[in-house]
Each structure stands twice: as structure tokens, then as C-alpha cells.
Amino acid sequence: MKILAITGGAAGMYCGSCLRDNALATELMALGHEVVLLPLYTPTLTDETNVSQDRVFFGGISVYLEQNIPLFRRTPEALDRLWDSRFALRLASRRSIRTDPRWLAEMTISMLKGEDGNQRKELRKLLRWLESEPPPDVINLPFLLVVALARPLKQALGRPVCCTLQGEDLFLESLEEPYRSEAMGLIRSQLEHVDAFLPLSAYYERFMSEYLGIPRSKMRVTPLGISMNGHAAGPRPRSEVFTVGYFARIAPEKGLDLLCEAYRQLRQRSDLGPWRLEAAGYLGPEHHEYLHGIERRIREWGLGQEFHYRGALDRAAKIRFLQSLDVMSVPSPYREPKGAPVLEAMANGVPVVQPRHGAFPEIIEKTGGGLLFDPHDAASLAGQILRIWQDPELARGLGSAGARGVREHYSARQMALRALEVYSEITEQVKVA
């Protein structure tokens, strides 16, 4: 089977969607299928071998210029190549840029208008390139924010279109009105052009059906999978200094502040011995003050020597970080649809403590690799972490179960096999129709 998989670059950030798309493409190739992984906006950043195409469409510089300066909507393609090159895009990606919320909203609306948006020239470039290539059997879009590509791609190539669902509601809810309503209306108006939607969890299937009115008949749950390369499933001996960990983007929706409050409550006990709190993950410029506020509070609590932020980590450093932990929690107040860092922790035999909402209940049920706490409740989170500290046998059992469960249910190979089931089903339906 030949698969055209479009992915969205996230400049210089390790992006969960990019990592997932690259892992899926890699596994599909290993299974003998031909995959064209085509980046939009910027080259993708992955922590394993990057299998995406060299060429980037809807280059971030072109998209920006066309949104802001009408002249660039008519410049010749030969001139566009100057700023569409991977060199130019990589150079631009090295800078962390604060994005004005209104501009970002207007840009989102323009992209969702597709052929009627300010980036219509970029769409024509993509279609011309695809028409010169051997046609795929199926097309996969990375998320709903590019759903406007579905209709022109189907018209040009005559092939079915799938769309992965992996957290779009968080972005849509961040838009102010009237942009939010307009964006959701534009998405709903184009759902008919997508043959199947691939939510990454059963939770997200239910949620997105209600949130955007996506027909359940078009939903095909395709659970997130991670590459097991480098992850060690062996039993984790307890550290001399009990280490609580956090690995995710440093952002309010991921809940580092809640974990710090739970840690404060735990450190009020006199029987714990030496502990520490370790955090790592991408920090965007818009969230520097969020982290600084957390660090100030920790110092005020007299715990400044026990907290360390380790920054963004490449794959080797990430695995070393996870293997140094006794327990990990990403206590997201947002109802997460996937939870890749939690899967990675469990892949290394680290027990996790996660909120009882979003995809986490089904992940914990399938793997047995952790405990659940009441969402938004620091005392409940602290209580579950305390259970793991108090009961080393429980900790070992959770770690071992999680390592087995992730490999059985959430490997990249399992993700690829499920995606192939969906692609085969959809292509057969189109042939019959």
C-alpha cells in the first residue's frame, strides 16, 4: 500500500504529533509499505531517524508573508523557493517567537478556508507536486486544523482521505470569539470530505463526536503507539533519594503547578527522608513566567534545593531521565487524548500517577502501570504518590505491569497494524462505492 501521510512541523520543538507521525511512518515502512511523509510549515524535529520528505509545503515563512502582505500572495514560485528552502526554514525555526493570539486566530481561519484563504497559492503548489507523483492509495491528514486540504486532495487524486484526531480542542478553545466559533463552523462544514477520522483514544472518539458533531460511523480509534527503541523494561531499584518526576511541555494545561503543590504537601511529613522533584520538557517563551512563578513558590516553601528543571531533552537524555525516576506524574487539568510521556515512563518500568479523566483511565486499565487520582486535587495526587513510596512491592508491580502493558497495547508496531486496518477498510469502501 502507498500512503501519503501529511505531518505538521513545529519549528524547533519536539512535538508529540511529529514524533507520533514519524514513528507510524517508520513502522509502516518496516512492514513493507511505501510511505511519503510530507511536512507542512517547517521541517519536523524527531528524536529518532527522521523519515519525512526533504521538501516542505506551506512553508512557515511563505504562510506568514501571505497572511500579512497581499503582494506575496502573487509572487512567482521561483522567488518563493528562497524562503521555502529547508535551510531558510531551519534558520527561522531556531528562534522562539511569541505569536500574537489575534494573528494566530486569523491565520487559523485563513488555513481553514483552504482554496478561499490567503494561502491558496501554497495549496496550488502542493497539488501540482502531487499530480506529478505516483498516486497514493490513501491520504492521512495530521489534524483537523488542515481539514481544508481534504476536498482538493480528493478531487485531484481521487483517493480516500483520513484525518488523525490528537488534541485539536485544546487549540480551538484557546481562540477568542468570534474566531473560535468561525473556526469550528469551518471545520464542521468540511467533515463530509473526510472518509475516516482516527482518534488516538476511545475517550477522544466520544468527545470529538459531541464537540464537533463528527459521525461515530466515521470514527476509527487508532491508539497512540511509541517506539520501544532504547526503553529498558527491567525492574527499577528504588533511588536513595526518592525521585518524583514530570516530563511534558512546561505549560499550565500539563499541570506542573499541581504536582508541585502535591509535592509541598508531601514534604510537610516528617517521615519521608530525602526526596526530590525533577522536571523536563519543552518550555516555550510564552510560558517562561509560568515556570518562574513555580520556582518562586518552591523557594518560598523552603524546597528550592529539591526541585530541578532539566530543559528539553533528546531521546537518549529523555530515556536516562525517565530511568532515574521512582514515580512520574503529568497531572494535566486538560483532558488529554493521548499521553505519550506517560507511555514512555511506563515503557521504562516507572509507575505513573495520572488524573482520572481523558485517555488516562483507559491507558491505566490496559497496562496496569499506575494509579489514578481525582483531577485538579493536589491532596488526592499526593496520596497516590505516597502509596507508591510506602509500598515498594506495589511500585515494582506497577512498574513491571506497565512495561508489559505498553509493549502489548501501545507499541509503534501495534499502532501501525491498526492504521493499516483502517486504511484497508476505507480503500475497500471507496472501491465498492
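Odds and ends about this structure:
- Counted residues, the range 20-60 - those being among the polar types (S, T, N, Q) and in contact (Cβ under 8 Å) with a residue 40 or more places away in the chain: 3
- In the set (1) under 22 Å from Arg216 (Cβ atoms); (2) without any contact (Cβ under 8 Å) to a residue 40 or more places away in the chain; (3) surrounded by fewer than 20 Cβ atoms within 10 Å (Cβ to Cβ), Pro152 fails one condition alone, (1).
- Glu177 being part of a loop (DSSP other than H, G, I, E, B) and farther than 25 Å from Glu115 by Cβ: yes
- Test result for Ala251, at pLDDT 95 or above, in contact with a strand residue (DSSP E or B) (Cβ under 6 Å, 6 or more places away or on another chain) and either buried (at least 19 other Cβ atoms within 10 Å of the Cβ) or on the phi > 0 side of the Ramachandran plot (or both): no
- Within the range 195-236, the set of residues being in a helix (DSSP H, G or I), surrounded by fewer than 22 Cβ atoms within 10 Å (Cβ to Cβ) and within 20 Å of the chain's Cα centre (by Cα) comprises Ala202, Tyr203, Glu205, Arg206, Phe207, Met208, Ser209, Tyr211, Leu212.
- Residue under evaluation Tyr290, criteria (1) in contact (Cβ under 8 Å) with a residue 24 or more places away in the chain; (2) in a loop (DSSP other than H, G, I, E, B), criterion not met: (2)
- Subset of the range 373-415 (residues that are of a type in the set (S, T, N, Q) and part of a helix (DSSP H, G or I)): Ser380, Gln384, Gln390, Ser400, Gln414
- For the range 307-335, the candidate set comprises residues that are closer than 21 Å to Gly383 by Cβ and not hydrophobic (A, V, I, L, M, F, W, C); within that set, the residue that is farthest from the chain's Cα centre (by Cα) is Asp326.
So that you can scan it fast, the table gives a plain yes or no per residue for (1) touching a Cys at 6+ places or on another chain (Cβ under 8 Å); (2) under 20 Å from Phe373 (Cβ atoms); (3) modelled with pLDDT of 95 or more:
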| position | (1), (2), (3) |
| --- | --- |
| Tyr263 | no, yes, yes |
| Gln268 | no, yes, yes |
| Asp271 | no, no, no |
| Ala279 | no, yes, yes |
| His288 | no, no, yes |
| Gly293 | no, no, yes |
| Ile298 | yes, no, yes |
| Leu303 | no, no, yes |
| Tyr309 | no, no, yes |
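- Filter result (in contact with a Leu (Cβ under 8 Å, 6 or more places away or on another chain) and either part of a helix (DSSP H, G or I) or over 23 Å from Glu253 (Cα atoms) (or both)) within the range 270-287: Leu272, Trp275
- Meets criteria (of a type in the set (D, E, K, R), outside any loop (DSSP other than H, G, I, E, B) and modelled with pLDDT under 95) for Glu115: yes
- The range 28-77 - residue that is at pLDDT 90 or above, over 16 Å from Pro142 (Cβ atoms) and touching a Ser or Thr at 6+ places or on another chain (Cβ under 8 Å) and, of those, surrounded by the most Cβ atoms within 10 Å (Cβ to Cβ): Glu48
- Condition check for Arg220: of a type outside the set (A, V, I, L, M, F, W, C) and under 26 Å from Ile388 (Cα atoms): no
- The requirement of being farther than 20 Å from Val330 by Cβ and either not hydroxyl-bearing (Ser, Thr, Tyr) or not in a helix (DSSP H, G or I) (or both) is fulfilled nowhere in the range 246-266; no residue meets it.
The values are calculated or read from the model by the stated rules, or taken from the named source; none is laboratory data. What you are looking at is a predicted structure, and each value in this text was computed from that prediction instead of being measured. Methodologically, a virtual Cβ is constructed for each residue, glycine included, from the backbone with ideal geometry; neighbour enumeration extends over all protein chains shown.
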